1. Need pairs with beta-carbon distance below 7 Å; first residue touching a residue at least 40 places away in the same chain (Cβ under 8 Å) and within the range 182-199, second part of a helix (DSSP H, G or I) and away from the ligand (no atom under 15 Å from the Cβ); sequence gap 6+ or separate chains.
2. Pairs, please: C-beta under 7 Å, at least 6 apart or cross-chain, first residue over 17 Å from residue 97 (Cβ atoms) and in the range 57-71, second of a type in the set (D, E, K, R) and modelled with pLDDT of 95 or more?
3. Does at least one position in the range 13-24 carry a residue that is within 16 Å of the ligand (Cβ to nearest atom), at pLDDT 95 or above and either among the aliphatic types (A, V, I, L, M) or not in a loop (DSSP other than H, G, I, E, B) (or both)?
4. In the list 119, 65, which residue meets the criterion of being surrounded by fewer than 19 Cβ atoms within 10 Å (Cβ to Cβ), closer than 25 Å to residue 188 by Cβ and within 16 Å of the ligand (Cβ to nearest atom)?
5. For the range 170-195, give me each residue that is more than 9 Å from the ligand (Cβ to nearest atom), of a type in the set (Lys, Arg) and in contact with a helix residue (DSSP H, G or I) (Cβ under 7 Å, 6 or more places away or on another chain).
6. Scan the range 124-138 for residues that are touching a residue at least 12 places away in the same chain (Cβ under 8 Å), more than 12 Å from the ligand (Cβ to nearest atom) and either surrounded by 23 or more Cβ atoms within 10 Å (Cβ to Cβ) or at positive phi (or both) and jot them down.
7. Checking residue 154 against (1) closer than 23 Å to residue 62 by Cβ; (2) in a loop (DSSP other than H, G, I, E, B): exactly one of these is not met. Which one?
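The values are calculated or read from the model by the stated rules, or taken from the named source; none is laboratory data. In this text the structure is predicted, and so the values were computed from the model without any measurement. Backbone-built Cβ (ideal geometry, glycine too); neighbour counts: all protein chains shown.
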Amino acid sequence: MTTASEPPGPREGAAQEAREDTAWDGGWYRDATREPSPNYGPRPADASIDLIVVHSISLPPGVYGGRQVHQLFTNALDWDAHPYYAGIRGLQVSAHFFIERDGRLWQFVDCDQRAWHAGPSSYRSRANCNDDSVGIELEGLEGQTFEPAQYATLARLCRDLPQRYPIAHVAGHEHIAPGRKQDPGPGFDWMRLQSQLSWPSSVFPQKSTEPPP
Ligand SMILES: [Zn+2]
């Protein structure tokens, strides 16, 4: 079990307040290129958005640098363009953010809204993680490593999210849907992210498996 009595984000202060004004335009992050997805809905009115979920994705799997993930998240993917797509035909999904191999950052869904990235999931004794999390996809493949530019963008985004949301946890899709999902996988360096952020270890996935809810 993790407890985060203190938020991991920056302490209160005028400097942070000023930065909040510049980092966010409502739920849209100013440093991201916007590419709005229709795949979202309202969050529950009482949602406390305290979880960052880290994912990995590439389409076709292991192929980087194309537009296919963008097309998937905007319902524009040509399902006949690759045999792999037969297994995901018609899928309507999204994430708030997508970080490409070169660190370029895209935003598909307003963070005030509920994106469709987690699926059936549970974490910190709460189910339906889409309700109260921010989903960040890294261009990659489970088992492969990620680029320094991706860690840099991810850390900057994680650092700015607490300006607007009470972030207290960061976890992988594999941690919120164990047995069903394996991303971002063993190639993702959690210690690297933790040291970049200087957030307490209690914010990150613990070594021991959480008891079932
Ligand atoms: Zn995922």
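1. If the second residue must be part of a helix (DSSP H, G or I) and away from the ligand (no atom under 15 Å from the Cβ), the pairs left are 192/151; 193/151; 193/155; 196/151; 196/155; 197/155; 197/158; 197/159.
2. From the range 57-71, the pairs are 65/101.
3. Filtering the range 13-24 for residues within 16 Å of the ligand (Cβ to nearest atom) gives none.
There is no residue in the range 13-24 that is within 16 Å of the ligand (Cβ to nearest atom), at pLDDT 95 or above and either among the aliphatic types (A, V, I, L, M) or not in a loop (DSSP other than H, G, I, E, B) (or both).
4. Numbers: 65 fails: within 16 Å of the ligand (Cβ to nearest atom).
When all the criteria are applied, what remains is 119.
5. Correct list: 192 only.
6. Within the range 124-138, 124, 125, 134 qualify.
7. (2)
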